[in-house]
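Notes for the one structure printed next.
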Amino acid sequence: ETGVTQTPRHLVMGMTNKKSLKCEQHLGHNAMYWYKQSAKKPLELMFVYSLEERVENNSVPSRFSPECPNSSHLFLHLHTLQPEDSALYLCASSQELTGSTDTQYFGPGTRLTVL
Amino acid sequence: AQKITQTQPGMFVQEKEAVTLDCTYDTSDPSYGLFWYKQPSSGEMIFLIYQGSYDQQNATEGRYSLNFQKARKSANLVISASQLGDSAMYFCAMSRIRILGSNYKLTFGKGTLLTVNP
């Protein structure tokens, strides 16, 4: 596989469920990101990891819990979500964190629906 | 703070014609980077082109070119010879350039939905 992959591509869950989103990058990058894309709103940066250390938590509710076990994998653990959390969740990676020329490459996203 | 404005919610173009997607930005940073991404209905955000604020020439990547007018704070995307597969949402984004610090924060616009008609 190449690039950035995300699983599952679609997820429907109830408000009391616990689920996890997985992201894997095959680019040898050191930084990984979670974004949320809601309808008619700009992309919102949620979390940033650099070399497995979290460097950004952009005021995200605690019902979203990220995990980065190594530089190739990023998880987003979900529990007791709300219907307004329904969105497309995009993962991205970049070579490094500190250069603006370090383009972020995105995965295909997980479309989450919370019932 | 940085801000990206894309004033065209939707655009239509005939196949094989060129189209320009508008993007204006606002920033107080002296150095910054500008990006365009394409998002088909499948959801994946595909990187198209990058322009640095100090680059002397406009960026080009195949059929994509970025019309960068620094004084006007605009970074329009030009797609030449449109193809049916170009139908998608297009997002303009920017980031800061710093020697140290949080360069990674991309600020996105709301996007433009491009439809290519046969």
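The values are calculated or read from the model by the stated rules, or taken from the named source; none is laboratory data. Every value quoted in this text rests on a predicted model; they were computed, and no experiment measured them. Ideal geometry is used to build each Cβ from the backbone, glycine not excepted, and the neighbour counts take in all protein chains shown. Calculation scope for accessible area: heavy atoms of the full protein, side chains included, ligands and nucleic acids excluded. Shrake-Rupley method; radii C 1.70, N 1.55, O 1.52, S 1.80 Å.
Worth a mention:
- Some residue of the stretch B:27-40 being at positive phi, open to solvent by 80 Å² or more (accessible area, probe 1.4 Å) and either at pLDDT 95 or above or not basic (Lys, Arg) (or both): no
- Residues that are assigned to a strand (DSSP E or B), of a type in the set (S, T, N, Q) and open to solvent by 30 Å² or more (accessible area, probe 1.4 Å) within the stretch A:14-64 comprise A:20, A:57, listed in sequence order.
Residues checked against (1) within 27 Å of residue A:110 (Cβ to Cβ); (2) among the charged types (D, E, K, R); (3) in contact with a strand residue (DSSP E or B) (Cβ under 9 Å, 6 or more places away or on another chain); (4) in contact (Cβ under 8 Å) with a residue 12 or more places away in the chain:
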| residue | (1), (2), (3), (4) |
| --- | --- |
| B:18 | no, no, yes, yes |
| B:29 | no, yes, yes, yes |
| B:45 | yes, no, yes, yes |
| B:50 | yes, no, yes, yes |
| B:68 | no, no, yes, yes |
| B:86 | yes, yes, yes, yes |
| B:94 | yes, no, yes, yes |
| B:114 | yes, no, yes, yes |
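- Residue B:22 more than 13 Å from chain A (Cβ to nearest Cβ), over 24 Å from residue A:4 (Cβ atoms) and open to solvent by 20 Å² or more (accessible area, probe 1.4 Å): yes
- Filtered residue count, the stretch A:78-115, keeping only those that are open to solvent by 50 Å² or more (accessible area, probe 1.4 Å) and either in contact with a Cys (Cβ under 7 Å, 6 or more places away or on another chain) or away from chain B (no Cβ under 14 Å) (or both): 6
- The residue that is modelled with the highest pLDDT, counting only those in the stretch B:78-118 that are assigned to a loop (DSSP other than H, G, I, E, B) and open to solvent by 60 Å² or more (accessible area, probe 1.4 Å), is B:83.
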